[in-house]
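S.K.: Take this structure, written in structure tokens, and hold onto it; I'll ask about it next.
The values are calculated or read from the model by the stated rules, or taken from the named source; none is laboratory data. Small disclaimer: the values here were computed from a predicted structure and weren't measured. Methodologically, a virtual Cβ is constructed for each residue, glycine included, from the backbone with ideal geometry; neighbour enumeration extends over all protein chains shown. Side chains are part of the model used for accessible areas, which takes the heavy atoms of the whole protein and leaves out ligands, DNA and RNA. Shrake-Rupley method; radii C 1.70, N 1.55, O 1.52, S 1.80 Å.
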Amino acid sequence: MSHVLAAVAWPYANGPRHIGHVSGFGVPSDVFSRYMRMAGHDVLMVSGTDEHGTPIQVQADAEGVTPRELADRYNRVIVEDLHGLGLTYDLFTRTTTRNHYAVVQELFEGLHTNGYIVARTTLGAISPSTGRTLPDRYIEGTCPICGYDKARGDQCDNCTNQLDPEQLINPRSRINGETPQFVETEHFFLDLPAFAEAIGSWLEHRENWRPNVLKFSRNLLDDLQPRAITRDLEWGVPIPLDGWRDRADKRIYVWFDAVIGYLSASIEWARRTGDPEAWRQWWSADAQGKDALGYYFMGKDNIVFHSVIWPALLLGYSGEGDKGGQAGSLGKLNLPTEVVSSEYLTMEGKKFSSSNRVVIYVRDFLERYDADALRYFIAAAGPESNDTDFTWAEFVRRNNDELVAGWGNLVNRSISMAAKNFGVIPPLVSPTPEDEALLAVARAGFATVGELIGKHRQKAAIGEAMKVVAEANKYLSEQAPWKLKAEEDKPRQGTILHVALQVVADANTLLTPFLPHSAQKVHELLGGVGVHAPMPEIVEVDDLDGGPGYPVLTGDYTVGARWESVPLVAGTPLNAPKPVFRKLEPSVVDEELARLAGDS
Ligand SMILES: [Zn+2]
């Protein structure tokens, strides 16, 4: 058994989540974590909202609120979105906690002490009319990479490349349109080339990574440049060095602070459990964390931060780059075991875009459909290893043909028939080879499905679980227990139904990581009591170090089903079931397409 860290990419707190956001890594990281817990591992699943940086400051300026107010609003919305999907974070927090600031500053100082953060003179913008610093977000111009004419001083929103203000073509102030003047200013850079060798040899020994991720990461090492980690900006973590700490116009760059969130959230989780050192079991590179495995889940646009930059920060803080050094007070830290990157989800053939209304928000989706219907679609048809298109027609088809007509029908007919004819789970009497064969297929599913989830092949994993369902439906059709009406056929009818119910119970366990809400219901329909699939809860907490309070997502996931076949007990009372899944009317497709087109 291992300590398994599930480190899930941090959603940016500038709006509610849409289904594209949660398809690539949100739901898959939960499926993985649920399975690993059921298999007996000690899982720590952490993330939070990413709340610093220019885009939030710009949006807050536009709305006339403070960046903190904007972040507060969307932190809460996002927590609710993820809660609605049943994502079992041990801690989903945020980057504006005092704990996070302290951990970011600790890593910055450690890297600086070891010589991996260097000051450099660069060009910064000032307003010629006032002589004051012009923060990056107030500079706009044409992107030198893609030609988009409203690129900002730190990033182009069209091609998402990070930029420096002086790279913009025709730069202008967004405040008064004047051309900014560029003067020398000092910023801090991470000395990435000092890690090329260490990261190269670490990547050499990576196993099981998706080949495209490994290849992409190795290629990045060929051209590593020092990377700016501070900006001309007021909204962010202060620079923890003398002469810089109190400067209101310079902050740590948002990407540097956000990627450290995995560590700060683990530390916050440990502090909240009352054992402040407990995080070391997942992070420490010494004996305490020697069985630790770290899995990082993200979209493909974020690979560089997880396979190169985050390892560089961990190596530098541990004193393991070209310049050596000492580990800081947190000790030597573990590098990722695996970087699990997903591809993109599009919608009806188009890229998701809130401004162009090509979007369906998680909360709107959950108002009209069940969370497990979306979770099923994501597992069976999500962007695991290819860009994938969400269409309403395909969503309705999979819901009706696979979830309702396949799995729901098996659950419904076997439990109703047993409830009607016996009122209890009937006993297994003299099973035939056909009975034994089906029971064996279901039991074998635990090894097959589990191994596929462990290898992040969830599409194949749910396919294998649904094969067990299909076999059971076929078995019921062939055995036709409804025809065995005579009194002398009763024991045989009971045996067939016992076999079917046992396979329902096993398939339900196999599907629990994917469909936790309905798995709990099926467990109860079979007469089970207690928690089968644990759920997260939203808890209002105080900041541990005196800052404002906030909502977190957390839960007790030590309870619930294990990854094994549990024999049903004959004689357990059964009631006539209510359907677990809802069939959708074909008209849903037209209604949703009309909504997208803006007709309603
Ligand atoms: Zn661009």
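S.K.: Give just the number: which of (1) under 30 Å from residue 153 (Cα atoms); (2) not in a strand (DSSP E or B) does residue 322 not satisfy?
M.R.: Result: residue 322 fails condition (1) only.
S.K.: Let me ask you something else. Under 9 Å between Cβ atoms, at least 6 apart or on separate chains: pull out the pairs that start in the stretch 305-316 with a residue that is without any contact (Cβ under 8 Å) to a residue 24 or more places away in the chain and end on any residue that is among the acidic types (Asp, Glu).
M.R.: Partner pairs satisfying both residue conditions: 314/320.
S.K.: I would also like to ask the following. Name the single residue, out of those in the stretch 133-145 being more than 13 Å from the ligand (Cβ to nearest atom) and in a loop (DSSP other than H, G, I, E, B), that is nearest to the chain's Cα centre (by Cα). Write out each step before concluding.
M.R.: Of the stretch 133-145, the ones more than 13 Å from the ligand (Cβ to nearest atom) are 133-139.
After this cut, where a residue has to be in a loop (DSSP other than H, G, I, E, B) as well, the list is 134-135.
Details: 134: 36, 135: 32 Å.
Within the stretch 133-145, the match that is nearest to the chain's Cα centre (by Cα) is 135.
S.K.: Okay, moving on. Here is a list: 26, 48, 20, 40. Which entry is in a loop (DSSP other than H, G, I, E, B) and either touching a residue at least 12 places away in the same chain (Cβ under 8 Å) or of a type in the set (Gly, Ala, Ser) (or both)?
M.R.: Residue meeting the stated conditions: 40.
S.K.: Follow-up question, since we're still on this one. Does residue 540 satisfy the condition of being of a type in the set (D, E, K, R) and over 28 Å from the mean Cα position of the chain (by Cα)?
M.R.: no
S.K.: Here's something else I'd like to know. Could you check, for the stretch 435-442, whether at least one of its residues is open to solvent by 40 Å² or more (accessible area, probe 1.4 Å), at pLDDT 95 or above and on the phi > 0 side of the Ramachandran plot?
M.R.: Checking the stretch 435-442: not a single residue is open to solvent by 40 Å² or more (accessible area, probe 1.4 Å), at pLDDT 95 or above and on the phi > 0 side of the Ramachandran plot.
S.K.: Which one of the conditions (1) outside any loop (DSSP other than H, G, I, E, B); (2) basic (Lys, Arg); (3) touching a helix residue (DSSP H, G or I) at 6+ places or on another chain (Cβ under 8 Å); (4) farther than 29 Å from residue 129 by Cβ does residue 231 fail to meet, given that it meets all the rest?
M.R.: (4)
S.K.: While we're looking at this one, here's another question. Among 32, 25, which is the only one that is on the phi < 0 side of the Ramachandran plot, among the aromatic types (Phe, Trp, Tyr) and open to solvent by 10 Å² or more (accessible area, probe 1.4 Å)?
M.R.: It is 25.
S.K.: Scan the stretch 77-99 and give yes if some residue there is within 13 Å of the chain's Cα centre (by Cα) and without any contact (Cβ under 8 Å) to a residue 60 or more places away in the chain, otherwise no.
M.R.: no
S.K.: Going by what's in this entry, would residue 226 be described as surrounded by fewer than 22 Cβ atoms within 10 Å (Cβ to Cβ) and touching a strand residue (DSSP E or B) at 6+ places or on another chain (Cβ under 7 Å)? Step through it out loud before you land on a result.
M.R.: Working: surrounded by fewer than 22 Cβ atoms within 10 Å (Cβ to Cβ): yes; touching a strand residue (DSSP E or B) at 6+ places or on another chain (Cβ under 7 Å): yes.
Considered against the rule, which asks whether it is surrounded by fewer than 22 Cβ atoms within 10 Å (Cβ to Cβ) and touching a strand residue (DSSP E or B) at 6+ places or on another chain (Cβ under 7 Å), residue 226 comes out as yes.
S.K.: Which ones in the stretch 203-220 are open to solvent by less than 30 Å² (accessible area, probe 1.4 Å) and not in a loop (DSSP other than H, G, I, E, B)?
M.R.: Listed by number, the residues that qualify are 203, 213, 214, 217.
S.K.: Next up: Among the helices (runs of 4 or more DSSP H) lying completely within the stretch 350-466, list those that include at least 3 residues that are over 16 Å from residue 504 (Cβ atoms).
M.R.: Here the list reads 362-368, 371-381, 392-397, 433-454.
S.K.: Out of 262, 253, report the one residue that is within 26 Å of residue 336 (Cα to Cα), among the aromatic types (Phe, Trp, Tyr) and open to solvent by 10 Å² or more (accessible area, probe 1.4 Å).
M.R.: The conditions single out 253.
S.K.: For the subset of the stretch 51-64 comprising residues that are assigned to a loop (DSSP other than H, G, I, E, B) and either at pLDDT below 95 or out of contact with any strand residue (DSSP E or B) (no Cβ under 9 Å at 6 or more places or on another chain) (or both), which member is farthest from residue 338 (Cα to Cα)?
M.R.: 64
S.K.: So, one more: Restricting to the stretch 285-312, and then to whatever is charged (D, E, K, R) and outside any helix (DSSP H, G or I), can you tell me which residue is modelled with the highest pLDDT?
M.R.: Residues of the stretch 285-312 charged (D, E, K, R): 286, 290-291, 300-301.
Going one step further and asking which of them are outside any helix (DSSP H, G or I), we end up with 286, 290-291.
Working: 286: 84, 290: 82, 291: 90.
Applying the filter and picking the extreme gives 291.
S.K.: Something else: Residues of the stretch 127-161 being open to solvent by less than 70 Å² (accessible area, probe 1.4 Å), more than 17 Å from residue 55 (Cβ to Cβ) and in contact with a Cys (Cβ under 6 Å, 6 or more places away or on another chain), which ones?
M.R.: 146, the sole residue that qualifies.
S.K.: Can you confirm whether residue 301 is in contact with a Ser or Thr (Cβ under 8 Å, 6 or more places away or on another chain) and buried (at least 21 other Cβ atoms within 10 Å of the Cβ)?
M.R.: no
S.K.: Right, next: Just a yes or no: is a residue in the stretch 502-516 at pLDDT 95 or above and open to solvent by 20 Å² or more (accessible area, probe 1.4 Å)?
M.R.: No, the stretch 502-516 contains no residue that is at pLDDT 95 or above and open to solvent by 20 Å² or more (accessible area, probe 1.4 Å).
S.K.: While we're looking at this one, here's another question. Out of the residues in the stretch 331-349 that are within 27 Å of residue 213 (Cβ to Cβ) and part of a loop (DSSP other than H, G, I, E, B), state the one that is least open to solvent (accessible area, probe 1.4 Å). Even if it seems obvious, please write down each step before you answer.
M.R.: From the stretch 331-349, those within 27 Å of residue 213 (Cβ to Cβ) are 332-347, 349; that's our starting set.
From the residues that got through so far, the ones that are part of a loop (DSSP other than H, G, I, E, B) too are 332, 334-337, 343-344, 349.
Details: 332: 99, 334: 38, 335: 39, 336: 1, 337: 35, 343: 26, 344: 99, 349: 60 Å².
It comes out as 336.
S.K.: Also: Only one of these is more than 16 Å from the ligand (Cβ to nearest atom), outside any loop (DSSP other than H, G, I, E, B), touching a residue at least 40 places away in the same chain (Cβ under 8 Å) and of a type in the set (Asp, Glu): 178, 184, 166. Name it. If you could, list the steps in order and put the result at the bottom.
M.R.: Numbers: 178 fails: outside any loop (DSSP other than H, G, I, E, B); 166 fails: more than 16 Å from the ligand (Cβ to nearest atom).
The match here is 184.
S.K.: What tally of residues in the stretch 114-132 results from selecting those that are small (Gly, Ala, Ser), in a loop (DSSP other than H, G, I, E, B) and either within 16 Å of the ligand (Cβ to nearest atom) or farther than 27 Å from residue 316 by Cα (or both)?
M.R.: 3
S.K.: So, one more: Taking the stretch 146-160 as the search range and keeping residues that are among the charged types (D, E, K, R) and either more than 18 Å from residue 230 (Cα to Cα) or near the ligand (Cβ under 6 Å from one of its atoms) (or both), which one is farthest from the chain's Cα centre (by Cα)?
M.R.: Residues of the stretch 146-160 that are among the charged types (D, E, K, R), as a first pass: 149-150, 152, 154, 157.
From what's left, either more than 18 Å from residue 230 (Cα to Cα) or near the ligand (Cβ under 6 Å from one of its atoms) (or both): 149-150, 157.
Details: 149: 33, 150: 31, 157: 23 Å.
Going through the qualifying residues, I end up with 149.
S.K.: Quick check, is residue 356 open to solvent by less than 30 Å² (accessible area, probe 1.4 Å) and out of contact with any helix residue (DSSP H, G or I) (no Cβ under 9 Å at 6 or more places or on another chain)?
M.R.: In short, no.
S.K.: Which pairs do you get when a residue that is free of Cβ contacts under 8 Å to residues at least 40 places away in the same chain, found in the stretch 543-557, comes within reach of a residue that is surrounded by fewer than 19 Cβ atoms within 10 Å (Cβ to Cβ), reach meaning Cβ atoms under 8 angstrom, with the pair 6+ apart or on two chains?
M.R.: Here the result reads 549/540; 549/541; 549/542; 549/543, each pair linking the stretch 543-557 to a residue that is surrounded by fewer than 19 Cβ atoms within 10 Å (Cβ to Cβ).
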